[in-house]
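Report on one structure; see the data block that follows.
The values are calculated or read from the model by the stated rules, or taken from the named source; none is laboratory data. What you see is a predicted model, and the numbers here were worked out from it, not measured in a lab. Positions of Cβ are generated from backbone atoms using ideal geometry, with glycine treated the same way; all protein chains shown enter the neighbour counts. For the accessible areas, the whole protein counts, side chains as well, though only heavy atoms, and no ligand, DNA or RNA atoms are used. Shrake-Rupley method; radii C 1.70, N 1.55, O 1.52, S 1.80 Å.
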Number of protein chains: 2
Amino acid sequence: MSYLDQTAVAANDMQRRNAASAKHLAAIASFAEFGAKSLKFSPHDVVYYEGDEARRLYHLERGTIMLFKLLPDGRRQVVEVLRPGDIFGLASSSEHDCTAETLTDAQVQEIDLRQVETSPEFQRRLTRCLTSQMNALHDHAVLLGRKSAHERVASFLMYLVPNRGGVGCVGPDPERVDDSSDIKLHMTRQEIADYLGLTIETVSRVVSDLKRKGVIRADKSDQIHLHKVCSLCQMTGFH
Amino acid sequence: MSYLDQTAVAANDMQRRNAASAKHLAAIASFAEFGAKSLKFSPHDVVYYEGDEARRLYHLERGTIMLFKLLPDGRRQVVEVLRPGDIFGLASSSEHDCTAETLTDAQVQEIDLRQVETSPEFQRRLTRCLTSQMNALHDHAVLLGRKSAHERVASFLMYLVPNRGGVGCVGPDPERVDDSSDIKLHMTRQEIADYLGLTIETVSRVVSDLKRKGVIRADKSDQIHLHKVCSLCQMTGFH
DNA sequence: CGGAGAGTTGACAGCTTTCAACATCAGTGG
DNA sequence: CCACTGATGTTGAAAGCTGTCAACTCTCCG
């Protein structure tokens, strides 16, 4: 395979999402076995702060949570956006390296790591979960390091369309006549900007531009209708 | 803890490196138990390509390896730089999401994942390793998303100084009179640029600028003497 | 109705990229 | 031993993208 031959590239991002629901149900059961405590959060609640002592492991059952880091001068980078089924809170030092904050109402299962360490079955599940999160972090590094503002926003929007976007995009569903989709962002412009490594102004400008081009329509500022998913997908840099 | 309060921030990046040597030795033993096959590579050998079928797990025993992804138009992002003790090759789909290429001579242990899945002890080690790699990916996301070219290069150089750099930098060793350090990059300007999300020209310009300011001296293009580690550390954005 | 927060838009500045020329280095072969 | 050659690295000038700053609009709620 040559440096530029991309024909055989993995469809990891997609498959990650297809596997999510099955993984999700299994993981809930698994956590329950270990006497997990279930916690409920409102939007913009903090589960833990960067620097807090790391003792427990968390499993996102319902809702969306972001992990972010801050620089001393206030610059913020959202490093992960978690979905149901994802696990978070593991730390390699004694302290959390990120702040975990909810984006929506969220339900989280909390469990002591020492309890689950004894279960090989749970460990395998954990490994799979971490691996898929690492793949998402790899994609995100490409976005942050090599994509233009337009490509970042397009990638972000595609990320919210089930079974689409990413390197192994399946294309429009042949069963369906149109190729549109409605998505809910659950994030403010500031959060999107901090996730994409941009400013709010740039995010706003790119979204306006996509509207002007007729690719999307904003029903509310965080409720977007994609007229043609495929044409948006063409703007992600993956094609 | 307020949005901007950084006093209690974790020293994860540092502790990751301090733990590396102990983890390293233990992991070698662990892999040997499972009948790992030891492989040797020359610089710029490819261990596997993005898109190759993922069957095995790799443990870097000696040397340096980078993982990178490509966009169809040839843009490249180096997503991880691995050191001895790191584990790689896990895939959430059936295919590798990155290409793994050596930067130096390298020795790698190769093992079938199914063999190690049965060992809780190994699984715990794997979890710790993945966690510390995820923390490194988080730091890298901050670098790519929020740091200037100068900060990126300074962070990169500090990353190669043992026990320094990162949020929890311990400062200069009080036992030592000077605060200098010699580092070997093991990477071309192109590889550094692709790691830092910059162009080779920008990397070259920043390095020249650091020379002009008297912060560093380049003995060879990939062999750098840091005159005052602390003053370089001040430029990373972490202070 | 009024105020605060979130989002949008415009003008301009600045940083990084792009493009091009040149320098340096290492390896090869005469 | 030295000239040649290709790869790698450096530097300059100009362009372009994104950030900054500021003004304005929109939406939500009291």
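Key figures
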read-out: Heavy atoms of B:Asp105: accessible area, 1.4 Å probe, square angstrom to 10; value: 90
read-out: Per-copy distances of the B:Cys230 label point, shortest first, in nm (7 angstrom along Cα→Cβ); value: 6.3
read-out: Karplus (6.51, -1.76, 1.60) ³J(HN,Hα), θ = phi - 60°, over region B:229-239, in Hz, Gly and Pro reported as x; value: 4, 4, 5, 5, 4, 5, 9, 7, x, 7, 10
read-out: A versus B: buried accessible surface, summed, Å² (probe 1.4 Å, to nearest 100); value: 5800
read-out: Label 7 Å beyond Cα on the Cβ vector: A:Ser180 copy-to-copy distances, nm; value: 6.8
read-out: Spin-label pair A:Ala149/B:Asn163, simplified geometry with 7 Å Cα→Cβ offset, distance in nm; value: 4.5
read-out: Label point 7 Å beyond Cα of A:Thr118 along Cβ direction - residues of region B:114-153 with amide nitrogen under 18 Å; value: B:119-125
read-out: Per DSSP, loop GluC sites (Glu not before Pro) in region A:156-239 with at most 13 further Cβ within 10 Å; value: A:Glu175
read-out: In order through region B:66-75: 3J(HN,Hα) via Karplus (6.51 cos²θ - 1.76 cosθ + 1.60), integer Hz, x for Gly, Pro; value: 10, 10, 9, 10, 10, 9, x, 7, x, 4
read-out: Amide H partners (placed H, <5 Å) of A:Glu50, local residues excluded; value: A:Thr99, A:Ala100
read-out: Using a 7 Å Cα-to-Cβ projection, A:Gly74 label spacings across copies, nm, ascending; value: 4.2
